[in-house]
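What follows is a set of notes on a single structure, which appears directly below.
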Amino acid sequence: MDSQVPHLETCGKLLVEDPLVTITPPPLVPGVGFSLAVIEPLVAAAYTQLTLAQKEQYLSCHEVRFGNEGEDENSQEGNIRDTPSGRLLRILRSNAYNTRDGRVGLYPRVALINHDCRPNVLNTDRWDAETSNWQRIIVAARDIVAGEEIVTTYVPLLADTATRRSRLAQYGFTCMCETCSAASTSSAASSHDDAMRVQMRQVLDMLEEREEQPASDLPPKLLARQAAELATYIADNGFVDYAAGTSHLAAVFAGRAGDTDAAAYWSAAHRADLALAGDGIDL
Ligand SMILES: C[S@@+](CC[C@H](N)C(=O)[O-])C[C@H]1O[C@@H](n2cnc3c(N)ncnc32)[C@H](O)[C@@H]1O
């Protein structure tokens with residue numbers, strides 16, 4: 001363990017980064033994704049605007065290449081050509097984040113962070129009026145001991161192992177984090193973990209729908225209990241990407257059920273979840 005690396009406490013802001021490059025992608029093609037052929041010249045044009053040092057930073061980012069991609073025109077997996085702009089596009093595909101205004105950005109330092117299905121940081125974004133950029137912010141979601149790897153998630157975590165792995169395939173690896181490795185053993189604990197993630201996703205979808213369009217088919221007290229269970233599950237598991245949203249739902253449904261104590265409790269939890277990313281931004 002490296003004694004020079006400090007022990008990081010929950011809420012510690014680890015990294016704030018401006019995008020090196022952003023592009024506005026064409027509209028998503030349903031079932032296909034973004035058209036790589038349209039994005040390639042956009043990336044190449046953005047790259048030419050960079051300084052030499054920035055270009056080096058861009059090219060230092062990890063590049064995922066699938067099988068014989070670039071060599072075989074009939075390859076089914078992305079098939080980005082083996083050209084300089086093809087390489088730029090592959091780097092963007094391997095590391096980019098969507099910004100909240102519909103753009104796609106490359107953040108080279110954030111891009112160094114590996115994936116884990118139980119991450120230890122919140123990885124979010126914030127509008128920076130000074131630079132007119134969506135900055136990415138990395139915040140410790142729990143205490144992190146010196147020498148422990150900082151890990152984020154590349155995919156939604158309220159999904160079972162097979163679903164998470166299939167979404168991670170676009171990054172060119174099979175996740176073997178502790179959670180996924182346990183799933184390979186088909187242990188009861190891991191089956192339970194998978195089942196809970198899926199069940200909580202269903203509860204989240206149901207509550208989000210009912211928040212928008214209240215329906216009278218379920219009693220308010222039952223909805224409040226389910227929202228509180230969901231928010232507690234998210235907090236207990238450290239799935240901070242979902243924390244602000246689920247504490248908000250727990251406060252809303254407690255209020256609708258007339259439980260003022262619970263509404264106050266979850267409102268305070270919601271404020272704390274927002275504060276984790278700083279500036280009270282809504283996740
Ligand atoms: C955004 S980059 C992360 C930084 C990269 N490891 C590097 O050294 O620059 C994503 C790539 O890192 C690797 N990676 C990230 N998380 C991983 C994991 N849990 N298991 C195996 N490979 C992983 C994969 O090659 C993936 O395409």
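Miscellaneous remarks
- Unmet requirement for H192, which otherwise passes all of (1) away from the ligand (no atom under 16 Å from the Cβ); (2) under 15 Å from the mean Cα position of the chain (by Cα); (3) of a type outside the set (D, E): (2)
- Residue list for segment 74-119, filter: in a helix (DSSP H, G or I) and either touching a strand residue (DSSP E or B) at 6+ places or on another chain (Cβ under 7 Å) or more than 13 Å from the ligand (Cβ to nearest atom) (or both): P84, S85, G86, R87, L88, L89, L92, N95, V110
For every residue, the table says whether it meets (1) small (G, A, S); (2) assigned by TED's automatic domain parsing to the domain that holds A244.
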site: L122; (1), (2): no, no
site: W134; (1), (2): no, no
site: V151; (1), (2): no, no
site: A159; (1), (2): yes, no
site: A183; (1), (2): yes, yes
site: S187; (1), (2): yes, yes
site: V198; (1), (2): no, yes
site: R201; (1), (2): no, yes
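- Pick from segment 229-238, criterion surrounded by fewer than 22 Cβ atoms within 10 Å (Cβ to Cβ) and in a helix (DSSP H, G or I), ranking: farthest from the chain's Cα centre (by Cα): E229
- Among the residues listed as L122, L158, the single one being crowded, with 21+ Cβ neighbours inside 10 Å and in contact with a Lys or Arg (Cβ under 9 Å, 6 or more places away or on another chain): L158
- When residues of segment 36-73 are limited to those that are in a loop (DSSP other than H, G, I, E, B) and small (G, A, S), the one modelled with the highest pLDDT: S60
- When restricted to residues that are part of a loop (DSSP other than H, G, I, E, B) and among the polar types (S, T, N, Q), segment 173-216 contains 6.
- Checked against (1) outside any loop (DSSP other than H, G, I, E, B); (2) surrounded by fewer than 19 Cβ atoms within 10 Å (Cβ to Cβ); (3) more than 17 Å from the chain's Cα centre (by Cα), Q170 passes all but condition (3).
- Failed item, numbered, when D241 is tested on (1) over 18 Å from the mean Cα position of the chain (by Cα); (2) buried (at least 18 other Cβ atoms within 10 Å of the Cβ): (1)
- If you go through segment 128-152 and keep only what is surrounded by fewer than 20 Cβ atoms within 10 Å (Cβ to Cβ), in contact with a Pro (Cβ under 9 Å, 6 or more places away or on another chain) and more than 14 Å from D116 (Cα to Cα), you end up with N133, A146.
- Qualifying residue in segment 128-140 (condition: of a type in the set (S, T, Y) and within 17 Å of the chain's Cα centre (by Cα)): no
- Residue within segment 162-184 that is over 26 Å from I113 (Cα atoms) and not β-branched (V, I, T) present: no
- Scanning segment 153-188 for residues that are within 8 Å of the ligand (Cβ to nearest atom) and farther than 21 Å from N120 by Cα yields a single hit, G172.
- Residues satisfying the criterion are present in segment 236-250 (criterion: under 28 Å from L92 (Cα atoms), away from the ligand (no atom under 16 Å from the Cβ), touching a residue at least 24 places away in the same chain (Cβ under 8 Å) and not aromatic (F, W, Y)).
- Per-region count, segment 120-155, residues in contact (Cβ under 8 Å) with a residue 12 or more places away in the chain, in a loop (DSSP other than H, G, I, E, B) and more than 14 Å from E17 (Cβ to Cβ): 12
The values are calculated or read from the model by the stated rules, or taken from the named source; none is laboratory data. As the structure is a computational prediction, the values presented were derived from the model and not from experiment. Here the Cβ is made from the backbone with ideal geometry for all residues, glycine too, and neighbour counts use every protein chain on show.
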